[in-house]
Amino acid sequence: MIKKSRVAFTLALLCCSGLALQAPTNAAPADKTIYKETNLFHVGGEGGWDYLLVDSAHKLLYVPRVTHTMVLDAVSGKTVADIPGQKGNHGTAIVPELGRGFISDGKDASVTVFDLNTYAVLGKVPAAEDADGIIYDPASRKVFVSCGDANSLVVLSPDVDPKTGKADTTVPLGGKPEFLAADGRGRLYVNLEDKDLVAVVDTKTMTVSAKWPVAPGGAPVGMSMDTQKRRLFVGCRKPQKLIVMNADDGKLLAELPIGAGVDATAFDDGNVLASCRDGSLSVIRETSENTFEVVQTVKTRPGARTMGVDLATHQVFLPTAEFGTQVSAQGRPVPKPDSFMVLVLGRS
């Protein structure tokens, strides 16, 4: 009896050990990303908001507020500066090596140039109607501005004379551009919202070299890129999808469901993010070669449709506000006065 009991005990111990060894293989991957709210900056002030830009090196956030652009401390949320003089701004691009920043102003059809150190406005450069998305491409050393109503891309040299200077050139796109991304190798990708296309611009010749459909997505607005694996991430509103495309030939690699009212996508350390007006942030990962999955849907705040990502800390900053019952002429909820905020997400 003693020997049988010992054998039974030993077998049971081995079985338990085997189960313990096998358990992790059925558990969630160790690198699965979990985003959660870590802070909330109550900023206040007047004006709506659009594309938020993160300056990781200096821990700053640039937030357009229609007639002025706020510069916030990315750690505390406190206001560092407030750049005045815009009529209907949308986004900011910075060129650290020249100490300059650039703000797209859709209502003024111009780009405001300011000093990165003093935040003083240096002047304005004419752009085109509805100057909207704006980025700086270090590879071509150009600032690119998507001008929606003008159906064009305006190209500026960052050392342009802010008082008397003009754009280098204007690239006709044949559609209404939204946001854009550069691959650092001579290509620029621009969403054409009204055509359901991505336009590919050769930054050497400043001509459109291709146009790729975003089907089964539609109304593409958000744009970001994994420059190493050559993937484009396009946020579409109609229908609500995140489209993954090959950046070399436009081939569709994946389509994934996201929330309503997407306005921005971002790529950070293997994670594809899509921020949506309905108060959701979709987190997508490539789980195997050319296979993408939604690994998390984060509840954020209603109206948090745009975002900026700190590539150093992997924090996500989402601007929004509190909303009442009042509705605008466009049928959207009107923010409560002085309720503007920035939601901060961190990951574990």
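What the table shows:
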item: Pair list, Cβ < 9 Å and 6+ apart or interchain, from the range 94-120 residues that are over 14 Å from Val71 (Cβ atoms) to residues that are assigned to a loop (DSSP other than H, G, I, E, B) and among the hydroxyl-bearing types (Ser, Thr, Tyr); result: Ser104/Tyr51
item: Leading residue by the ranking (nearest to Gly270 (Cα to Cα)) among those in the range 174-233 that are of a type in the set (Lys, Arg) and part of a strand (DSSP E or B); result: Arg231
item: Total residues in the range 95-132, condition part of a loop (DSSP other than H, G, I, E, B) and of a type in the set (A, V, I, L, M, F, W, C); result: 5
item: Selection count, the range 133-166, where residues are of a type in the set (Ser, Thr, Tyr), closer than 15 Å to Ala93 by Cα and not in a loop (DSSP other than H, G, I, E, B); result: 2
item: Test set (1) touching a strand residue (DSSP E or B) at 6+ places or on another chain (Cβ under 8 Å); (2) surrounded by fewer than 19 Cβ atoms within 10 Å (Cβ to Cβ) - Lys107 fails condition number; result: (1)
item: Residue among Val121, Val80 that is among the β-branched types (Val, Ile, Thr), closer than 24 Å to Ala266 by Cβ and surrounded by fewer than 21 Cβ atoms within 10 Å (Cβ to Cβ); result: Val80
item: Within the range 32-90, tally of residues that are touching an Asp or Glu at 6+ places or on another chain (Cβ under 6 Å) and within 30 Å of Phe292 (Cα to Cα); result: 2
item: Selected residue (only one of Gly270, Gly261 is more than 25 Å from Lys59 (Cα to Cα), surrounded by fewer than 24 Cβ atoms within 10 Å (Cβ to Cβ), of a type outside the set (Phe, Trp, Tyr) and within 17 Å of the chain's Cα centre (by Cα)); result: Gly261
item: Selection from the range 273-292 of residues that are more than 13 Å from Lys229 (Cβ to Cβ) and under 19 Å from the mean Cα position of the chain (by Cα); result: Leu273, Ala274, Ser275, Cys276, Arg277, Asp278, Gly279, Ser280, Leu281, Ser282, Val283, Ile284
item: From Pro213, Pro220, Pro158, residue being in contact with a helix residue (DSSP H, G or I) (Cβ under 6 Å, 6 or more places away or on another chain) and surrounded by 15 or more Cβ atoms within 10 Å (Cβ to Cβ); result: Pro158
item: Filtered residue count, the range 334-348, keeping only those that are in contact with a Gly (Cβ under 9 Å, 6 or more places away or on another chain), surrounded by 16 or more Cβ atoms within 10 Å (Cβ to Cβ), more than 9 Å from Gly303 (Cβ to Cβ) and not aliphatic (A, V, I, L, M); result: 1
item: Spans of strands (runs of 3 or more DSSP E) in the range 239-300 with at least 1 residues within 17 Å of Asp196 (Cβ to Cβ) and in contact with a strand residue (DSSP E or B) (Cβ under 9 Å, 6 or more places away or on another chain); result: 241-246, 252-257, 262-268
item: Residue match in the range 38-61 (condition: surrounded by fewer than 23 Cβ atoms within 10 Å (Cβ to Cβ) and without any contact (Cβ under 8 Å) to a residue 12 or more places away in the chain); result: yes
item: Among the residues listed as Gly303, Gly331, the single one being part of a loop (DSSP other than H, G, I, E, B) and surrounded by 21 or more Cβ atoms within 10 Å (Cβ to Cβ); result: Gly303
item: Residue match in the range 139-153 (condition: out of contact with any Leu (no Cβ under 6 Å at 6 or more places or on another chain), modelled with pLDDT of 95 or more, among the charged types (D, E, K, R) and over 23 Å from Lys211 (Cβ atoms)); result: yes
item: Meets criteria (free of Cβ contacts under 8 Å to residues at least 40 places away in the same chain, buried (at least 18 other Cβ atoms within 10 Å of the Cβ) and under 29 Å from Ala210 (Cβ atoms)) for Arg237; result: yes
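Conditions (1) more than 22 Å from Thr170 (Cα to Cα); (2) within 22 Å of the chain's Cα centre (by Cα), marked per residue:
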site	(1), (2)
Lys59	yes, yes
Glu97	yes, no
Ile103	no, yes
Thr118	yes, no
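The values are calculated or read from the model by the stated rules, or taken from the named source; none is laboratory data. All values reported here derive from a predicted model rather than from experimental measurement. Every residue, glycine as well, gets a Cβ built from its backbone with ideal geometry; the counts of neighbours run over all protein chains shown.
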